[in-house]
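Heads up, the thing below is written out as C-alpha cells.
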Amino acid sequence: MSEQLIHKTAAELADALAAGETTSVELTQAHLDRIAAVDAGVHAFLHVDAEGALAQAAESDARRAAGEARHLLDGVPIAVKDVLATQGLPTTCGSKILEGWVPPYDATVVRRIKDAGLPILGKTNMDEFAMGSSTEHSAYGPTRNPWDQTRIPGGSGGGSAAAVAAFEAPLALGTDTGGSIRQPGAVTGTVGVKPTYGGVSRYGLVALANSLDQVGPVTRTVLDSALLHELIGGHDPLDSTSVDAPVGAYVEAARQGATGDLAGLRVGVIKELAGDGWQAGVMARFAETVELLEKLGAEVTEISCPTFVHAMATYYLILPAECSSNLAKFDAMRYGLRVVPEGDPSAEAVMRATRDAGFGDEVKRRIMIGTYALSSGYYDAYYGQAQKVRTLISRDFAAAFESVDVLVSPTSPTTAFPLGEKLDDPLAMYLQDLATIPANLAGVPGISVPAGLADEDGLPVGFQVLAPALADERLYRVGAAVEAALTSRWGGPILAKAPNLEGPR
Ligand code: GLN
C-alpha cells in the first residue's frame, strides 16, 4: 500500500485524500519510510522533520474529517530546499557558516504551503548558497542521482530534484538563479519550473543574486507543478520586487495542454543553443521533441538570439557582484558559526577566521570575483558592461517573442555526469547552465520537462520551454502537451524506466 502511495502524483494523492481513500498521516508516513529506506544512498535531505510532518498531517486529517480542508493539496507532503527560511527548522543553505541556524520566521512561500496544510518532510541538500550545478559544493556532502548513484543530480537544487525522482517526496520547492530548478529537473527526469521574476515571493529566500533568484516547483508531472505554482505564486508586500498581478490559470493550461492540441502555437528553436559541446543524445531527443510539437499542430521556426552566447560571461559578473554583497552579512556576529582565533579576538580577526572556516572554495571564489568587479576603477569595465549586455539579452527575447509564442532548447548540454568529474574545473561546471541562464537575466519564465533518455548513457534529457514574462501559462500548456504525448509513446512516466527506483534498495 505505501509503495503504491509514494508512486502517485501529488494530484492523485489530493484526489485520494478527497475521496477518503487515504489519510495525510498514512501518506506522510509512507514518504518518511521511503526516506528512511533510500536516503542514506541518495542523500537528498539535510534535515528530516518526521515529528513535525506527522503532527501537521494529523491536523490536516482532522480538518478534512470536519469538512474544512484548506486547499486541494491540504495533507500532501512536500520537501523544501534548505535555502528557504523555515521557522523552527534548521536552514543551512548547504553551508557550514549557517550550521545550527534555526530561523525565527518563515519564508512567504513556506508560510503559504503551511497555511494550505502541506506537511513539510524536511529540508533538501544544495550547493553551498546555491552556487553550483551538481550539489557537490554542499558542505554536507553531495546528493547522488537516483538513476545512477555514481552521478550528479544537478544543482544547485539537486536535493529537491533527487527527493522527487526517488519518490521520497511528491512535491518540492526549489530556487533558480541560473538554472538550479531546471537543470536538476533535466538530469533526474523530473519537471522543474522557474516562474517569471517577481511572480513568486523571494521573502525569506536567502539571496544568492537578488535580481536573478526565483522560487519554483519541483515535481514529477507538469500538472503537479501547476498546482504548486498557483499555491505559492502571487503578490507579496514583503518582497519589493514582487509583481502585483493575478496568479495565472496554470492548472487549466496544463489540463488543456494535456489534450495534445497545439494548433497555431508558434515555436522558436533557439539557434545559438546547439553545436559543439552539446551531447549527441541530448540533441537527438531535443530534435524528436521539436518534431512532436509540429505533429501536435505547432508552427516551428528557427530563431537567432545572437547575444545569448554572452549570457554566461554576463551572469558570472552580475551574480558574483550581487552575492559578494549579500554574503557580507555572514560576519560571525549575527548568525551561525563563530570562530575566535587564539590571541586575537578583534572583530576583523573573528570575521576572517569565521569566513575562512565557514565558506567553501566556490563561495570564496565568487566573493573575490564580485568584489573585484565592483571595485572602483573596474566597476564600469565589468559590472556596468555586464548590465548593458543584460539589456541586449532582454532585447533578443523581446524581438523573438514578436514572432513566436515560446522558445525551446535542450535544458542542459549534457546528461548527468559522474561525481567529481567537473569539481576542479569551474568553467566546465558553469557551462551546464548555458541554456538556462538567459531566462534569469531577462526575468522570463522557463520549464524543463523530460524528453527521453540519451542513447549513449540511458540517462534523462530535459526539454526547455521559455515564455514571455507573465505568460507562464504557456509553459504549462506546451509542457503538458509534450509530457502527455511522450508518456503515451513510452507506455508510462519516464521514472518507470529508471533501473533502481522501484522498491527499496
Ligand atoms: N549553476 C548556476 C550557478 O552556479 C545556477 C545556480 C542557481 O540557479 N542557484 O550559479
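The values are calculated or read from the model by the stated rules, or taken from the named source; none is laboratory data. Keep in mind the model is a prediction, meaning the values are calculated, not measured. Heads up, the Cβs are rebuilt from the backbone with ideal geometry, glycines too, and the neighbour counts pull from every protein chain shown. These area figures cover heavy atoms from the full protein model, side chains too; ligands, DNA and RNA do not enter into them. Shrake-Rupley method; radii C 1.70, N 1.55, O 1.52, S 1.80 Å.
Confirm whether Ala40 is part of a helix (DSSP H, G or I), under 22 Å from Tyr140 (Cα atoms) and open to solvent by 50 Å² or more (accessible area, probe 1.4 Å). Spell out the reasoning first.
On the way: part of a helix (DSSP H, G or I): yes; under 22 Å from Tyr140 (Cα atoms): yes; open to solvent by 50 Å² or more (accessible area, probe 1.4 Å): yes.
Yes; evaluated as a whole, the condition is true for this residue.
Yes or no, residue by residue, for (1) part of a loop (DSSP other than H, G, I, E, B); (2) surrounded by 20 or more Cβ atoms within 10 Å (Cβ to Cβ):
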site: His310; (1), (2): no, no
site: Tyr335; (1), (2): yes, no
site: Val350; (1), (2): no, no
site: Thr354; (1), (2): no, yes
site: Lys364; (1), (2): no, no
site: Gly370; (1), (2): no, yes
site: Gly377; (1), (2): yes, no
site: Gln387; (1), (2): no, no
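Ala439 is checked against (1) of a type in the set (Gly, Ala, Ser); (2) under 19 Å from the mean Cα position of the chain (by Cα); (3) not in a helix (DSSP H, G or I) and fails just one. What number does that condition carry?
(3)
The conditions are (1) among the acidic types (Asp, Glu); (2) surrounded by fewer than 18 Cβ atoms within 10 Å (Cβ to Cβ); (3) farther than 25 Å from Thr487 by Cβ, and Glu322 fails exactly one of them. Which is it?
The number of the failed condition is (2).
Tell me, yes or no, whether the range 382-389 has at least one residue that is at pLDDT 95 or above and within 16 Å of the ligand (Cβ to nearest atom).
Yes, some residue in the range 382-389 is at pLDDT 95 or above and within 16 Å of the ligand (Cβ to nearest atom).
In this structure, is Val76 assigned to a loop (DSSP other than H, G, I, E, B) and more than 22 Å from Phe330 (Cα to Cα)?
On the way: assigned to a loop (DSSP other than H, G, I, E, B): yes; more than 22 Å from Phe330 (Cα to Cα): yes.
Yes.
Would you check which residues across the range 1-37 are open to solvent by 50 Å² or more (accessible area, probe 1.4 Å) and assigned to a loop (DSSP other than H, G, I, E, B) and list them?
Met1, His7, Lys8, Ala19, Gly20, Glu21, Thr23
List the helices (runs of 4 or more DSSP H) that sit entirely inside the range 155-252 and contain at least 3 residues that are within 16 Å of the ligand (Cβ to nearest atom) and open to solvent by less than 10 Å² (accessible area, probe 1.4 Å).
Details: elements: 158-165, 182-188, 222-232.
Those helices (runs of 4 or more DSSP H) span 158-165, 182-188.
Looking at the range 47-64, can you tell me whether even one residue there is at pLDDT 95 or above, among the β-branched types (Val, Ile, Thr), open to solvent by less than 10 Å² (accessible area, probe 1.4 Å) and not in a helix (DSSP H, G or I)? Spell out the reasoning first.
Applying the first criterion (at pLDDT 95 or above) to the range 47-64 yields 47-64.
Going one step further and asking which of them are among the β-branched types (Val, Ile, Thr), we end up with 48.
Next, only the ones that are open to solvent by less than 10 Å² (accessible area, probe 1.4 Å) stay: none.
No, every residue in the range 47-64 fails to be at pLDDT 95 or above, among the β-branched types (Val, Ile, Thr), open to solvent by less than 10 Å² (accessible area, probe 1.4 Å) and not in a helix (DSSP H, G or I).
Residues in the range 460-470: is at least one among the aliphatic types (A, V, I, L, M), part of a strand (DSSP E or B) and either within 14 Å of the ligand (Cβ to nearest atom) or without any contact (Cβ under 8 Å) to a residue 60 or more places away in the chain (or both)? Give the derivation first.
The initial filter retains those residues of the range 460-470 that are among the aliphatic types (A, V, I, L, M), namely 461, 465-467, 469-470.
Narrowing further to those that are part of a strand (DSSP E or B): 461, 465-466.
Narrowing further to those that are either within 14 Å of the ligand (Cβ to nearest atom) or without any contact (Cβ under 8 Å) to a residue 60 or more places away in the chain (or both): 465.
Within the range 460-470, one or more residues are among the aliphatic types (A, V, I, L, M), part of a strand (DSSP E or B) and either within 14 Å of the ligand (Cβ to nearest atom) or without any contact (Cβ under 8 Å) to a residue 60 or more places away in the chain (or both).
Hey, Leu265 hits all of (1) free of Cβ contacts under 8 Å to residues at least 24 places away in the same chain; (2) within 28 Å of the chain's Cα centre (by Cα); (3) open to solvent by less than 20 Å² (accessible area, probe 1.4 Å) but one; which does it fall short on?
Only one criterion in (1) free of Cβ contacts under 8 Å to residues at least 24 places away in the same chain; (2) within 28 Å of the chain's Cα centre (by Cα); (3) open to solvent by less than 20 Å² (accessible area, probe 1.4 Å) is unmet by Leu265, namely (1).
Within the range 139-154, can you find the residues that are closer than 12 Å to Ala44 by Cα and either within 12 Å of the ligand (Cβ to nearest atom) or open to solvent by 10 Å² or more (accessible area, probe 1.4 Å) (or both)? Explain how you work it out, then say what you get.
Within the range 139-154, the subset closer than 12 Å to Ala44 by Cα is 140-146, 149, 152-154.
Residues satisfying the conditions are Tyr140, Gly141, Pro142, Arg144, Gln149, Ile152, Gly154.
Against the condition open to solvent by 20 Å² or more (accessible area, probe 1.4 Å) and of a type outside the set (Phe, Trp, Tyr), how does Pro438 come out, does it pass?
On the way: open to solvent by 20 Å² or more (accessible area, probe 1.4 Å): no; of a type outside the set (Phe, Trp, Tyr): yes.
No, not satisfied.
What is the residue count in the range 274-291 for residues that are open to solvent by 30 Å² or more (accessible area, probe 1.4 Å) and of a type outside the set (D, E, K, R)?
Summing the residues that are open to solvent by 30 Å² or more (accessible area, probe 1.4 Å) and of a type outside the set (D, E, K, R) in the range 274-291 gives 8.
Answer with yes or no whether Glu294 is surrounded by 14 or more Cβ atoms within 10 Å (Cβ to Cβ) and more than 27 Å from the chain's Cα centre (by Cα). Talk me through it step by step, then tell me what you get.
Values: surrounded by 14 or more Cβ atoms within 10 Å (Cβ to Cβ): no; more than 27 Å from the chain's Cα centre (by Cα): yes.
No.
From the residues in the range 422-434 that are of a type in the set (D, E, K, R) and in contact (Cβ under 8 Å) with a residue 40 or more places away in the chain, which one is farthest from the ligand (Cβ to nearest atom)? Before you say what the answer is, go through the steps one by one.
Within the range 422-434, the first condition is being of a type in the set (D, E, K, R), and the residues that meet it are 422, 424-425, 433.
Now drop any that are not in contact (Cβ under 8 Å) with a residue 40 or more places away in the chain, which leaves 422, 433.
Working: Lys422: 11, Asp433: 5 Å.
Out of the qualifying residues, it is Lys422.
Is one or more of the residues making up the range 435-443 within 16 Å of the ligand (Cβ to nearest atom), on the phi > 0 side of the Ramachandran plot and either at pLDDT 95 or above or of a type in the set (Asp, Glu) (or both)?
Taking the range 435-443 first, the residues within 16 Å of the ligand (Cβ to nearest atom) are 435-443.
Keeping just the survivors that are on the phi > 0 side of the Ramachandran plot gives 443.
Still in the list and also either at pLDDT 95 or above or of a type in the set (Asp, Glu) (or both): 443.
Yes; the residues of the range 435-443 include at least one that is within 16 Å of the ligand (Cβ to nearest atom), on the phi > 0 side of the Ramachandran plot and either at pLDDT 95 or above or of a type in the set (Asp, Glu) (or both).
Among (1) more than 26 Å from Pro246 (Cα to Cα); (2) of a type in the set (Val, Ile, Thr); (3) away from the ligand (no atom under 16 Å from the Cβ); (4) not in a helix (DSSP H, G or I), which single condition is Val449 missing?
Exception for Val449: condition (1).
Could you count how many residues in the range 92-133 are within 15 Å of the ligand (Cβ to nearest atom), out of contact with any His (no Cβ under 8 Å at 6 or more places or on another chain) and not in a loop (DSSP other than H, G, I, E, B)?
To start, the set of residues in the range 92-133 that are within 15 Å of the ligand (Cβ to nearest atom) comprises 93-95, 124-133.
Next cut, out of contact with any His (no Cβ under 8 Å at 6 or more places or on another chain) only: 93, 95, 124, 126, 129-130, 132-133.
Narrowing the set further to residues that are not in a loop (DSSP other than H, G, I, E, B) leaves 124, 129-130.
The number of residues fulfilling the criteria is 3.
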